[in-house]
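The values are calculated or read from the model by the stated rules, or taken from the named source; none is laboratory data. In this text the structure is predicted, and so the values were computed from the model without any measurement. For neighbour counting, all protein chains shown are included, and Cβ atoms are generated from backbone atoms with ideal geometry for every residue, glycine included.
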Amino acid sequence: MDNDIQEQIALARYKLISPVLAEPGREQNRYFGSLAKKEHLMPHYGKKMYAVSTFKGWLRAYLMGGFAALKPKGRCDRGRPRRLTDQNMAAIEARCKAYPNLSVTLLYEQLLADGQLGDPPTRYSNLVRIIRQHDWLPKQRRTDIRKRFETPEINQLWICDYMHGPLVKTDRKRTKAILCAIIDDYSRMIVGHAFDASETISSLTLVLKDAFSAFGLPVRLYVDNGASFSSDLLASTCALAGISLIHSKPYDSPSRGKIERFFKTVRSRFLAQLPGDDLTLEDLNSAFTSWLREDYHYKQHNGIDCRPIDRYHTSAGRVDIRRLSKAELDEIFLVRKERIVNNDSTISFKGNIYEVPAAYIRQRIEIRHPVDDPAELYLYDNAARVGRLNLVDTHENARTFRPTKQPSPISFAKAQRSAHE
């Protein structure tokens with residue numbers, strides 16, 4: 001299994017445990033219990049079901065060793081048979097369907113007597129887990145309960161979403177401006193915002209990077225299931241920053257009620273007062289920043305019965321805000337790719353040819369670049385930055401080319417002696 005597959009598996013495992021990184025044990029057990037009932041598509045392994053203990057093991061590994069600890073390791077029992085064969089599983093399923101009101105205890109005794117629990121027999125707790133995973137003895141439970149909530153301090157939960165806005169001028173044409181905004185759950189402060197022409201991961205990255213730089217790192221980031229929010233880059237960034245990335249259920253806008261309510265305020269108090277239809281993105285962003293500073297952040301908020309700016313500063317004096325340096329922020333937002341170096345010490349990337357040090361010829365290398373600037377390409381070796389890669393200058397290479405072996409010079413005196421002989 002190569003490093004790329006291992007990193008994909010680690011990323012998939014992180015996405016599963018991310019929503020409860022900062023939750024108490026009771027919430028983790030409830031969440032992992034719901035995951036254990038479903039199949040999950042895992043790179044290299046395909047669709048599989050996992051036990052609650054497996055999810056807990058991944059969570060412990062991440063908390064102790066970080067993102068690298070989620071990469072798979074070789075199994076210690078490789079090559080040995082499992083206790084329950086396909087025939088055993090079929091027998092358990094058939095017995096559950098035939099006797100749906102049978103208690104698990106009695107079911108275990110009957111299967112044990114029939115020799116359908118493997119050799120040596122699997123434990124009672126494993127049988128309970130298998131039945132719950134496959135929902136062979138289902139129980140009806142309500143799943144539509146929704147309760148009002150609020151985090152106790154700032155930076156405990158940030159909610160991020162997009163809102164489609166007005167038409168603006170860009171490059172001699174008109175296009176729809178889309179607002180990407182991040183709201184702090186406790187204070188209702190808008191910690192990140194920008195209007196752009198698309199909902200790409202590039203626009204999201206710029207907003208997140210500015211928010212992390214200005215307000216520190218959140219404990220949890222709550223987003224929907226859009227393409228940019230489901231990208232590997234966002235998951236990798238949150239994993240490296242130690243942020244719990246949580247996705248809402250599909251088509252569940254009420255779960256993001258605070259940011260949706262803010263968007264309603266934007267439409268009624270900001271967009272309704274925009275002058276004319278000849279705005280550019282720069283004009284719109286400048287006006288929006290001024291509106292936040294002069295109106296929203298300093299206006300009484302009915303949901304918290306005070307001004308967002310006051311509530312933010314009061315909480316900021318009580319908590320420790322996690323921050324990253326500029327270099328660390330730049331590092332976690334880099335896009336990572338792999339290439340094999342050609343025999344002429346070059347690689348191809350995004351239609352361009354870059355020079356690589358000759359020591360890496362015929363080797364697989366890791367390259368990284370900012371999401372908004374693929375031309376700013378860096379070479380990494382074992383997670384350490386080697387340097388920036390430059391475009392190939394063929395004319396300069398032609399001027400500096402030297403043969404590997406130069407003919408040895410013959411002195412004039414030696415040439416004369418050779419002529420006399």
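Per-residue answers, yes or no, for (1) in contact with a strand residue (DSSP E or B) (Cβ under 9 Å, 6 or more places away or on another chain); (2) under 18 Å from ARG261 (Cα atoms):
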position	(1), (2)
ARG188	yes, yes
HIS193	yes, yes
GLU199	yes, no
LYS209	yes, no
ALA214	yes, no
VAL219	yes, no
VAL223	yes, yes
ALA227	no, no
The conditions are (1) hydroxyl-bearing (Ser, Thr, Tyr); (2) touching a strand residue (DSSP E or B) at 6+ places or on another chain (Cβ under 6 Å); (3) modelled with pLDDT under 90, and TYR99 fails exactly one of them. Which is it? (2)
Go through the stretch 170-213 residue by residue and tally those that are surrounded by fewer than 16 Cβ atoms within 10 Å (Cβ to Cβ) and in a strand (DSSP E or B). 5
If I filter the stretch 40-52 for residues that are β-branched (Val, Ile, Thr), modelled with pLDDT under 95 and closer than 26 Å to ILE159 by Cα, do I get at least one hit? no
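Quick check on this structure: which one of ALA197, ALA239, ALA235, ALA181 is within 23 Å of ALA316 (Cβ to Cβ) and in the same structural domain as ASP277 (by TED's automatic domain parsing)? Talk me through it step by step, then tell me what you get.
Working: ALA197 fails: within 23 Å of ALA316 (Cβ to Cβ); ALA239 fails: within 23 Å of ALA316 (Cβ to Cβ); ALA235 fails: within 23 Å of ALA316 (Cβ to Cβ).
Selected residue: ALA181, the only one of ALA197, ALA239, ALA235, ALA181 that is within 23 Å of ALA316 (Cβ to Cβ) and in the same structural domain as ASP277 (by TED's automatic domain parsing).
For every residue, the table says whether it meets (1) modelled with pLDDT of 95 or more; (2) more than 15 Å from the chain's Cα centre (by Cα).
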| position | (1), (2) |
| --- | --- |
| ALA181 | yes, yes |
| VAL191 | yes, yes |
| ASP196 | no, yes |
| THR200 | no, no |
| LYS209 | no, no |
| ALA214 | no, yes |
| PRO218 | yes, no |
| ASN225 | no, no |
| ASP232 | no, no |
Which ones in the stretch 9-22 are touching a residue at least 60 places away in the same chain (Cβ under 8 Å) and not aliphatic (A, V, I, L, M)? TYR14, LYS15, SER18, PRO19
Check on ASN342, of a type in the set (S, T, N, Q) and free of Cβ contacts under 8 Å to residues at least 60 places away in the same chain: yes
Looking across the stretch 126-169 at residues that are at pLDDT below 85 and aromatic (Phe, Trp, Tyr), the single one that is surrounded by the fewest Cβ atoms within 10 Å (Cβ to Cβ) is PHE149
Considering LYS147, LYS209, which residue is among the basic types (Lys, Arg), out of contact with any helix residue (DSSP H, G or I) (no Cβ under 9 Å at 6 or more places or on another chain) and not assigned by TED's automatic domain parsing to the domain that holds ALA98? LYS147
